[in-house]
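Engineer: Below is a structure I'd like to ask you about.
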Amino acid sequence: MKKHVIDMIEKRGVSLTDIAEIVYELQKGYLPVTMDICLDVVDSVLEKREVQNAVLTGIALDIAAEKREIEEPLLSILLADEPLYGVDEILALSITNIYGSIAFTNFGYIDKLKPGVLSRLNRHKNEQCNTFLDDLVAAVASAACSKLAHSFEKKERTQDID
């Protein structure tokens, strides 16, 4: 299932490296991270079935909107990525909720700033609907940031005990 999810994300124009770059940019000032560490943690976030289910659902809705397989007025709302729609963020928050308050607050920051690949996704080029995808990518990056923060904090506590 994880491979299928990664394939779907990549078919939509986003690589795991794209997501890891967001994580790296957000964490490099706080933690001794490398791109390899960031890539590994993004990969580990995608291990969770809840994350996989959210990504599959969101991408399926984006694709259905592109194919005009959703009824109006929802179709127009999705194609325009209406700011007051909010269901795309709610689905993404189902991912951040797994990883706690750091993921939640990082999501809000990333969603507003739209770093890296998110700025391209937000433009919906080539008539690709990314209403859900941009928020899901932001959520995976946010979850990865949270997981990194918790793992480094745990290592520091363990070293203090030694």
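The values are calculated or read from the model by the stated rules, or taken from the named source; none is laboratory data. Remember, predicted model here, so these are calculated numbers, not experimental data. Using ideal geometry, Cβ is built from the backbone for each residue, glycine included, and neighbour counts are taken over all protein chains shown.
Engineer: Which count do you get for residues in the stretch 1-33 that are in a loop (DSSP other than H, G, I, E, B), among the charged types (D, E, K, R) and either surrounded by 15 or more Cβ atoms within 10 Å (Cβ to Cβ) or touching a residue at least 24 places away in the same chain (Cβ under 8 Å) (or both)?
Structural biologist: 1
Engineer: What number goes with the only condition from (1) within 13 Å of the chain's Cα centre (by Cα); (2) in a helix (DSSP H, G or I); (3) of a type outside the set (Asp, Glu) that Leu61 does not pass?
Structural biologist: Evaluating Leu61 over (1) within 13 Å of the chain's Cα centre (by Cα); (2) in a helix (DSSP H, G or I); (3) of a type outside the set (Asp, Glu) leaves (1) as the failure.
Engineer: Note down all Cβ pairs under 6 Å where the first residue falls in the stretch 65-92 and is closer than 29 Å to Arg49 by Cβ, the second is of a type in the set (Ser, Thr, Tyr), and they're at least six residues apart or on different chains.
Structural biologist: Ile77/Tyr85; Leu78/Thr131; Asp81/Thr131; Asp88/Thr131
Engineer: If we scan the stretch 87-94, do we find a residue that is over 13 Å from the mean Cα position of the chain (by Cα) and at pLDDT 95 or above?
Structural biologist: Yes; the residues of the stretch 87-94 include at least one that is over 13 Å from the mean Cα position of the chain (by Cα) and at pLDDT 95 or above.
Engineer: Further question on the same structure: Assess whether Asp134 counts as being surrounded by fewer than 22 Cβ atoms within 10 Å (Cβ to Cβ) and out of contact with any Gly (no Cβ under 9 Å at 6 or more places or on another chain).
Structural biologist: No; evaluated as a whole, the condition is false for this residue.
Engineer: Looking at the stretch 58-81 only, could you name the residues that are over 16 Å from Asn126 (Cβ atoms) and not hydrophobic (A, V, I, L, M, F, W, C)?
Structural biologist: Across the stretch 58-81, the qualifying residues are Gly58, Glu69, Glu71, Glu72, Pro73, Ser76.
Engineer: Restricting to the stretch 50-93, what's the tally of residues that are under 20 Å from Val140 (Cα atoms), among the small types (Gly, Ala, Ser) and loosely packed, with under 15 Cβ neighbours inside 10 Å?
Structural biologist: 2
Engineer: Can you tell me which residue among Leu39, Leu113 is free of Cβ contacts under 8 Å to residues at least 40 places away in the same chain, surrounded by 15 or more Cβ atoms within 10 Å (Cβ to Cβ) and more than 16 Å from Phe132 (Cβ to Cβ)?
Structural biologist: After applying the criteria, what remains is Leu39.
Engineer: Quick check on this structure: which one of Ile22, Ile9, Ile98 is under 13 Å from Val140 (Cα atoms) and in contact with a Pro (Cβ under 9 Å, 6 or more places away or on another chain)?
Structural biologist: Ile22
Engineer: Name every residue in the stretch 118-128 that is buried (at least 22 other Cβ atoms within 10 Å of the Cβ) and either modelled with pLDDT of 95 or more or assigned to a loop (DSSP other than H, G, I, E, B) (or both), in order of residue number.
Structural biologist: Matches in the stretch 118-128: Leu118 only.
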